[in-house]
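The structure appears right after this line, and notes come after that.
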Ligand SMILES: *Cc1c(COP(=O)(O)O)cnc(C)c1O
């Protein structure tokens, strides 16, 4: 059986997790958190990275920092994971969904301006499959309308747009280290904070509304309740697992790239024959092999292909049900403009197995089965 995903495990994680336990430091913000945050800051060239318990929580933290109030509007794609919307709906905001560009499956930047009202506060680009959104256009709109940008870079680690890492364009960039992502800690995430002015507030919201982070750095002699807040810091045991992976990120990335490139090479004849479509990556975007998908003719063909692959022990899966058509999306959000591509393209997209440890032989086998399906 070839699973769709296997959580990344290199072997060294267990040593670092044991070390956290032996050091009697398993709560948050210990040495592993310090070291892992420093690596992420170096990788992205950002001043401040705070680890969180998930990307969902990183986005919630961003929504608090953006001072989202009931009635505010937040522009985002409908083709995304629920967390993108949840973080803002929790604060009483309305997600305003715009259509995607069918080539990248990212929000179509040319549709954003028309969706802006006097209530709009934030734009949330989601970098699907680690392929960057049109950040030049998005940042220009944000500047002209005085909006904040919160990047859902859950899938975007190690990827860049015009040479600049994803997650570093907007005021805040949110990453996921869930077990389905390139680097993992089981459940976990991080927020990148672009501007110094937000750092102190972020530390307070993340630590139950206290200035405990300052206290730990020896900057004050007691910590107190300063504001409302929550608890978004991950356990050192989880961070130790992530730390091992960040140290060996090149190994993980090289292997994922190999799988991605093998899929592309073997399946491109089917694309050239007009039978399927493969992921499109603009030349100024560097992707991170987070995902490999194909697009079938329609949902009916995709359903047949999923069954065909399953019979051959291959687990391939579809992705998001557009948020605007889901019960909570109907209740809390609205779609601006026409749904030309979101629903149609989401029904055609099929994700193939992709994880650290997937072998080249397995990728070849999967590609051969897909070719056989279309050959018959
Ligand atoms: C994985 C993912 C999330 C959620 O990440 P968690 O760490 O599980 O909270 C949010 N947005 C996108 C686009 C994702 O792929």
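Highest GNM mean-square fluctuation, the chain, Cα pairs closer than 10 Å: which of 165, 77, 125?
Maximum among the listed residues: 165.
As a test of the definition: which semi-axes, in Å, follow for segment 1-132 when you take the square root of five times each eigenvalue of its alpha carbon gyration tensor? Largest first, please. If you can, show how the numbers build up before the last one.
Details: eigenvalues 231, 81, 37 Å².
They are 34, 20, 14 Å, listed from largest to smallest.
Can you give me the Kirkwood hydrodynamic radius for segment 132-252, using every pair of distinct Cα atoms, in Å to one decimal?
Mean inverse Cα-Cα distance, inverted, gives 16.2 Å.
Taking the Cα atoms only, what angle lies between the long axis of helix 236-247 and the longest principal axis of the chain, rounded to 10 degrees?
60
Normalised by the number of residues in segment 76-146, what is the relative contact order in percent for Cα pairs under 8 Å and 6+ residues apart? Each step should come with its number before you reach the end.
Values: 70 pairs, mean separation 21.9, N = 71.
Answer for segment 76-146 is 31 percent.
Test of understanding: express the Cα radius of gyration of the chain as a ratio to 2.2 N^0.38 Å, with N the residue count. List each step's numbers first, then the result.
On the way: Rg = 21.0 Å, N = 376, 2.2 N^0.38 = 20.9 Å.
Dividing the Cα radius of gyration by 2.2 N^0.38 Å gives 1.00.
Arrange 335, 169 by Cβ neighbour counts within 10 Å, fewest through most, would you?
Numbers: 335 21, 169 24.
Lowest count first: 335, 169.
Where q = 0.31, 0.36 Å⁻¹, what log10 of I(q)/I(0) comes from the Debye formula for segment 256-295, counting one point per Cα?
-1.15, -1.23
Mind pulling the per residue volume of the convex hull built on the Cα atoms of segment 192-349? Å³ is fine. Write out the running numbers ahead of the final one.
On the way: hull volume 37.0 nm³, N = 158.
For segment 192-349, the hull spanned by Cα atoms encloses 234 Å³ per residue.
May I ask you to compute the full-extension gain from residue 164 to residue 300, defined as 0.36 nm times their residue separation minus their alpha-carbon distance, rounded to one decimal in nm?
Working: separation 136, 0.36 × 136 = 48.96 nm, distance 3.92 nm.
Roughly 45.0 nm would be gained on extension.
To test your reading of the geometry: what angle, between 0 and 90 degrees and rounded to tens, separates the Cα axis of helix 13-22 from the longest principal axis of the chain?
So the helix axis and the longest Cα principal axis differ by about 20 degrees.
Can you say what percent of the DSSP beta bridges in the chain, counting only those with both residues inside, are antiparallel? Round to 5. Don't jump to the answer; show the numbers that get you there.
Numbers: 23 of 40 bridges.
In the chain, approximately 60 percent of DSSP beta bridges are antiparallel ones.
By count of other Cβ within 10 Å, fewest leading, how are 291, 185 ordered? Can you show the working numbers first?
Values: 291 22, 185 32.
By the 10 Å Cβ count, ascending: 291, 185.
Expressed as an acute angle from 0 to 90° and rounded to the nearest 10, what is the orientation of the C-alpha long axis of helix 135-145 relative to the principal long axis of the chain?
50
Pick from 144, 194, 302 the residue whose mean-square fluctuation is largest in a GNM of the chain, springs joining Cα atoms under 10 Å.
The residue with the greatest mean-square fluctuation here is 144.
For segment 156-213, what class follows from the C-alpha gyration tensor (a ≥ b ≥ c being the square roots of its eigenvalues): rounded when a/c is under 1.5, otherwise prolate if a/b is larger than b/c, else oblate?
Details: a/c = 4.07, a/b = 1.31, b/c = 3.11.
Oblate.
Where does segment 305-346 land on Rg/Rh, using Cα atoms and the Kirkwood Rh? The partial results should precede the final answer.
Values: Rg = 14.7 Å, Rh = 12.4 Å.
We get a ratio of 1.18 for segment 305-346.
Each reported figure results from applying straightforward, stated rules to the coordinates on display, with no laboratory input. Nothing here was measured: the structure is a model prediction, and the numbers come from that model. When we count neighbours, we look across all protein chains shown, and the Cβ atoms used for this are built from the backbone with ideal geometry, even at glycine.
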